[in-house]
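J.: Shown below is the structure under consideration.
The values are calculated or read from the model by the stated rules, or taken from the named source; none is laboratory data. The shown structure was predicted, so the numbers you read here are calculated from the model rather than taken from an experiment. A quick note on method: Cβ atoms are made from the backbone with ideal geometry, for glycine too, and the neighbour counts reach across all protein chains shown. Surface accessibility is based on the protein's heavy atoms, side chains included, excluding ligands, DNA and RNA. Shrake-Rupley method; radii C 1.70, N 1.55, O 1.52, S 1.80 Å.
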Amino acid sequence: MIRIAAETPWYDLFSRGARDWLRHNQKVREAVKSTLPELLANENLISQPGNRTVLVPVKFLEHARLRLAESAEQSGAGQGEGKPGDVLRPGREDGESSGRGGTENGEIKFVVELKIDEIVDWLWEELKLPELKPRRSATLDEPDWTREGWDKRGARSRLDRRKTIKEAVKRRSIQEKLGPDVVPITNDDLRFRQLVKRTTPATNAAVIFALDVSGSMDEAQRRLAKTFFFFALQGIRRQYTKVETVFIAHAGEAWEFEESQFFQAQSSGGTVSSSAFKLALDVTRTRYDPSRYNVYFFYASDGENAAEDRAGASASLGALARQVNYAGYVETGGIATFRPRETQLAELFAEMRAGGLPVGTSRLGSQEDVWRTIREFFKEESRKQAA
Amino acid sequence: MTQAPSELEAYAAQIEELAQRLGLDYYPVDFEVAPASLMTEIAVYGLPIRMPHWSFGVRYIHQLVRQSMGHSKIFEVMFPGDPCRAFLMDANSLAENTLVTAHVLGHADFAKHNQLFARFHEMAGGNIVEHAAAHAQRIQQAIQAVGLERVELVLDAALALESHVDVGGELHRSRYPEFVPEKVLQKENSFQKKFGQLPGTAEKLSLPVGMNAAPLRAAVPPHPEYDLLWFIAQYAPELEQWERDIFLMVRAESLYFYPVFACQIMNEGWASYWHARLLREADFLPQPLYLAAIKAHSDVVRPFASGREASLSVNPYHLGFTIWEHIVETHGLARAMEVRRDEDDFGFIRNWLGRELAETSGLFVYEEKQDQEIRVTTRDLDAVREAILAPKFNYGAPRVAAVEMKSDGALELVHDHASDGRGLDAARARKVLEYVRRVWRRPVRLRTVNERRETIELAA
């Protein structure tokens with residue numbers, strides 16, 4: 001007996017395919033997150049605005065099965081025209097062996113969209129990184145007009161249309177029950193936004209990144225610095241509504257760069273750190289008045305500075321450290337870099353620190369050190385704020 | 001497009017009557033008219049309700065993409081059993097669904113009479129759809145109890161070994177005997193008597209006395225064990241009950257899928273033969289409906305897409321249909337019924353795909369080089385047969401057996417590379433070993449060969 005059910009409601013209640021697809025995506029995300037620091041170091045992300053996302057191209061996760069190794073020639077059964085020896089599809093010119101027909105050519109690629117803010121939130125939570133707070137001082141408090149509440153009277157320009165319509169709707173729904181003649185909008189419905197004067201702590205921040213690009217800084221070291229800079233910036237962004245960035249690269253001289261060129265900059269010249277400190281000081285004075293901005297300075301170098309620059313660097317760094325919220329120094333270089341003693345720059349920063357200036361130093365040997373370094377800086381900075 | 005079920009129901013009843021008159025015999029068929037979304041899921045999962053696993057999600061997206069590009073249209077799915085469960089797509093036209101109804105009756109007849117289907121039916125019972133739903137529910141309970149991650153790890157391993165079951169064996173298997181059975185002294189037969197009478201042999205034949213005093217503990221496994229799902233479920237040290245359950249559930253479903261896999265060409269061909277014949281003889285169908293249905297039929301059984309000259313795959317509907325028509329024409333329906341009972345695709349292709357049929361169907365063997373050049377290599381009949389059957393050997397999976405459990409519990413697997421012709425894909429094999437290690441909880445090693453045919457051992 002053939003029975004054709006007219007109604008089959010059960011399968012509309014849930015979608016197994018979508019459920020398992022979402023689970024797959026979740027696993028992809030987890031996999032992506034675990035390689036995040038390296039991933040982000042390769043991207044040009046540092047100063048992109050607001051609700052930024054990164055698109056990470058990923059492959060479908062493969063559920064492995066036991067399979068025979070691919071042989072040089074694969075054969076199969078087909079159907080149609082053609083004599084033995086006839087070519088059904090010509091080979092590829094470039095002789096590329098990857099991307100075999102059907103297996104990889106037809107593969108669907110997809111990208112995972114990750115919100116940087118989410119990534120950073122996740123990292124901060126995962127790594128239990130401390131939060132920064134804006135520096136609070138009278139000089140940084142800005143009086144400002146802020147919106148607060150509504151009133152039935154006010155300037156036309158501050159009429160809140162949405163609120164007004166809501167009021168009108170409410171009134172009409174009551175009046176319609178009483179009688180047919182209902183006025184669309186009355187004066188009583190009007191709502192105006194009110195302004196009050198409030199002082200708020202300044203939430204502007206400027207971050208100055210300085211990087212030693214002399215010959216002794218190799219690609220790996222610069223990448224480490226970049227990763228560190230990226231996350232330091234993210235940490236600061238979490239607290240400030242507006243963050244401006246400055247990129248300074250130096251060897252014998254210092255220049256300001258666009259972010260896009262910053263990490264590519266390279267010079268074979270000697271290392272004169274004071275040039276970068278001076279330029280940073282200049283930028284701070286002209287653009288980021290310390291009474292209005294929280295200024296952070298981060299400097300990455302392998303620590304080797306020209307011996308004759310010691311006095312100059314000391315003076316300019318001292319001046320800079322007095323202007324900024326915090327000056328951080330990361331010394332790059334793996335364990336392989338054997339150092340019999342502290343480098344000149346490490347010494348300099350240590351001196352500043354001993355002198356009570358807001359300065360911190362850290363070593364950055366490998367990717368794993370990035371988190372430790374970030375934690376050190378932020379811990380110190382937030383402890384100082386708490387005090 | 002959606003038709004009133006009543007109209008289809010009326011035709012279906014008449015088709016069924018006709019089918020029985022023509023000699024089809026089957027367990028009752030329950031039809032459900034289902035939306036496209038369910039049909040897609042059935043195509044992906046193989047069953048209407050099945051355990052959750054992320055790998056199905058990947059297949060699901062691929063299927064959706066193929067469907068959206070028009071490469072894949074699902075007409076019907078039928079689950080053999082008692083009753084059989086068939087799903088028709090609600091978006092199909094009345095003509096298409098009339099055709100599909102006839103097609104399903106062909107499948108139903110095949111599933112009742114084919115020996116392979118019958119054996120699995122007997123082992124597993126007639127309601128796998130319900131079993132699978134119950135499995136899914138038990139896995140859901142396991143997820144509630146121990147969390148998704150842990151269940152997923154077990155499913156990763158079990159589903160990766162899905163095809164590694166012993167299709168010749170039993171669904172319900174007990175563990176190996178714990179001790180080596182004592183050798184039963186055979187009664188002397190006339191040969192041995194004569195042999196013993198030969199000069200100088202009598203002393204050598206007598207067994208040493210006292211050897212069988214203590215029973216010998218049998219090695220595990222006593223012979224290379226190809227039923228990996230069963231072996232792991234039974235012998236993994238420290239496997240929890242719910243984990244064993246999952247392995248045995250995956251195994252039961254895998255065994256259920258085997259006849260469908262091993263008889264695909266025959267089964268689809270048989271169903272196509274019968275839908276064509278039933279429609280031809282169904283004089284109660286209005287002419288336009290008949291024409292539309294026959295148009296759908298020729299779309300299903302054509303060897304390759306129109307406008308193409310060749311296809312790099314063989315359409316099982318076309319091939320099976322062609323062979324069955326030939327058998328019925330030359331040997332009669334009674335003989336065809338015997339063939340449908342006795343063969344699986346291996347026998348069907350080797351015994352019934354003749355030179356003439358292979359030529360008229362334009363079957364060939366092709367080869368794809370590394371630079372992606374594809375050439376027709378031969379039209380030799382034996383080569384064509386083997387090329388068609390190659391993907392079906394050993395349930396489509398490499399032959400891998402468990403051969404030893406070390407004293408520390410480590411599991412030794414061996415790949416039978418000699419019969420497979422080459423070694424395993426090492427990267428994937430390693431991943432599978434990792435999956436397995438998580439449930440076996442002891443080292444897992446697998447021997448195979450590399451491209452230079454040197455023995456290599458992969459481990460996890």
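J.: For peptide B:399-410, compute the average count of partner chain beta-carbon atoms within 10 Å of each residue's beta-carbon.
T.: Details: counts 1, 1, 0, 0, 0, 0, 0, 0, 0, 0, 0, 0.
What the average comes to for B:399-410 is 0.
J.: Let me ask something else about it. Against the globular-protein guess of 2.2 N^0.38 Å, express the Cα radius of gyration of the protein assembly as shown as a ratio, rounded to two decimals. The partial results should precede the final answer.
T.: Details: Rg = 37.8 Å, N = 847, 2.2 N^0.38 = 28.5 Å.
In units of the 2.2 N^0.38 Å rule of thumb, it is 1.33.
J.: Excluding same-chain residues fewer than 8 positions from B:LYS73, which aspartates and glutamates have a Cα within less than 17 Å of its Cα?
T.: B:GLU41, B:ASP90, B:GLU96, B:GLU268, B:ASP299
J.: At a temperature of 10 °C and a viscosity of 1.306 mPa s, determine how fast chain B diffuses translationally according to Stokes-Einstein, using the Kirkwood radius over alpha-carbon pairs as Rh; express D in µm²/s, rounded to the nearest whole number. Before the final figure, lay out each step's value.
T.: Details: Rh = 25.3 Å.
Diffusion coefficient, whole number: 63 µm²/s.
J.: Can you pull the one-decimal nm distance between simple spin-label points at B:ARG335 and B:ARG441, each 7 Å off the Cα toward Cβ?
T.: The modelled label-to-label distance comes out at 6.0 nm.
J.: At a 1.4 Å probe radius, which order do B:MET51, B:MET89 fall into by accessible area, largest first?
T.: Details: B:MET51 0, B:MET89 25 Å².
Of B:MET51, B:MET89, the descending order of accessible area is B:MET89, B:MET51.
J.: Another question, then. How far is it, in nm, from the label point at B:ASP283 to the one at A:ARG172 when both lie 7 Å from their Cα along the line to the Cβ?
T.: If labels sit at B:ASP283 and A:ARG172, their model points lie 7.0 nm apart.
J.: What is the mean number of Cβ atoms from other protein chains located within 10 Å of the Cβ atom of each residue in peptide B:56-69, rounded to a whole number?
T.: 5
J.: Only helices at least 27 Å long along their axis, Cα-based, and averaging 1.6 or more on Kyte-Doolittle count here, so list those DSSP H runs from chain B. Walk me through the numbers before you get to the answer.
T.: Details: long enough: B:94-113 (29 Å, 0.20); B:241-262 (31 Å, 0.25).
What comes out of the filter, once short or polar helices are dropped, is none.
J.: So, in nm, how far is label B:ALA10 from label A:SER291 when the simple model puts each one 7 Å beyond its Cα toward the Cβ?
T.: That separation, rounded to one decimal, is 9.4 nm.
J.: By the gyration tensor of its Cα atoms, with a ≥ b ≥ c the square roots of the eigenvalues, what is the shape of region B:346-403: rounded for a/c under 1.5, prolate for a/b over b/c, or oblate? List each step's numbers first, then the result.
T.: Working: a/c = 3.71, a/b = 1.24, b/c = 3.00.
Note, shape of region B:346-403 comes out oblate.
J.: Report the FRET efficiency, 1/(1 + (r/R0)^6), for B:ALA91 and A:SER34, where r is their Cβ-Cβ distance and R0 is 45 Å, rounded to 0.05. Display every interim value, and only then the final one.
T.: Numbers: r = 43 Å, r/R0 = 0.95.
Efficiency computed from Cβ-Cβ geometry: 0.60.
J.: Can you pick out the pairs among A:LYS242/A:LYS278; A:LYS166/A:LYS197; A:LYS33/A:LYS242; A:LYS33/A:LYS59; B:LYS112/B:LYS295 whose Cα atoms lie more than 21 Å from each other?
T.: Working: A:LYS242/A:LYS278 25 Å; A:LYS166/A:LYS197 27 Å; A:LYS33/A:LYS242 27 Å; A:LYS33/A:LYS59 15 Å; B:LYS112/B:LYS295 29 Å.
Long pairs (Cα-Cα over 21 Å): A:LYS242/A:LYS278; A:LYS166/A:LYS197; A:LYS33/A:LYS242; B:LYS112/B:LYS295.
J.: Hey, another quick one. Subtract the Cα-Cα distance of A:ALA18 and A:SER268 from 0.36 nm times their separation in residues, and report this length gain in nm to one decimal. Write down the numbers at each step before the final one.
T.: Working: separation 250, 0.36 × 250 = 90.00 nm, distance 5.57 nm.
84.4 nm is the gain from fully extending A:ALA18 to A:SER268.
J.: Shielding by partners for B:425-432, please: the mean number of other protein chain Cβ atoms within 10 Å of each residue's Cβ. Present the calculation step by step, with values, prior to reporting the outcome.
T.: Details: counts 7, 1, 4, 8, 6, 1, 5, 5.
Per residue, the average neighbour count from other chains is 5.
J.: At a 1.4 Å probe radius, which order do A:TRP255, B:TRP274 fall into by accessible area, largest first? Don't skip to the end; give the middle numbers.
T.: Working: A:TRP255 125, B:TRP274 0 Å².
Most to least solvent-accessible, the answer reads A:TRP255, B:TRP274.
J.: Let me ask another. Taking R0 as 51 Å, what's the FRET efficiency between B:GLU386 and B:GLU149 from their Cβ-Cβ distance, rounded to 0.05? Could you put the intermediate results ahead of the total?
T.: On the way: r = 44 Å, r/R0 = 0.86.
The pair B:GLU386/B:GLU149 has a calculated efficiency of 0.70.
J.: Follow-up. For the pairs A:LYS27/B:LYS406; A:LYS27/B:LYS431; B:LYS406/B:LYS431, flag any whose C-alpha to C-alpha distance is greater than 25 Å. Provide the component values of the computation, followed by the final result.
T.: Details: A:LYS27/B:LYS406 34 Å; A:LYS27/B:LYS431 16 Å; B:LYS406/B:LYS431 21 Å.
Over 25 Å Cα-Cα: A:LYS27/B:LYS406.
J.: Run lengths n ≥ 4 of DSSP H only: what is the helix-derived mean residue ellipticity at 222 nm for the protein assembly as shown, with -39500 (n - 2.57) per run over all residues, to the nearest 500?
T.: -14500 deg cm²/dmol
J.: Starting from 0 in steps of 10 Å, tell me what percent of the Cα-Cα pairs of region B:376-450 lands in each bin.
T.: 17, 39, 26, 12, 6, 1
J.: Here is a further query. Could you tell me the convex hull volume per residue, in Å³, taken over the Cα atoms of region B:1-148?
T.: Residue-normalised Cα hull volume stands at 127 Å³.
J.: Test of understanding: what is the full-extension gain from B:ARG173 to B:ALA459, defined as 0.36 nm times their sequence separation minus their Cα-Cα distance?
T.: Details: separation 286, 0.36 × 286 = 102.96 nm, distance 2.85 nm.
Roughly 100.1 nm would be gained on extension.
J.: So, one more: With every protein chain left in place and a probe of 1.4 Å, what is the accessible surface of B:MET69, to the nearest 10 Å²?
T.: 110
J.: Quick one: longest stretch of chain B between exposed loop GluC sites (Glu not before Pro), exposed meaning at most 13 other C-beta atoms within 10 Å and loop per DSSP? Walk me through the numbers on the way to the answer.
T.: Numbers: sites that count: B:GLU170, B:GLU178, B:GLU182, B:GLU188, B:GLU238, B:GLU309, B:GLU451, B:GLU454.
Between exposed loop sites, the widest span is B:1-169.
J.: Next question. Multiply the residue gap between B:ALA410 and B:LYS193 by 0.36 nm, knock off their C-alpha separation, and tell me the result in nm, one decimal place. If you can, show how the numbers build up before the last one.
T.: On the way: separation 217, 0.36 × 217 = 78.12 nm, distance 4.70 nm.
My answer for the length gained is 73.4 nm.
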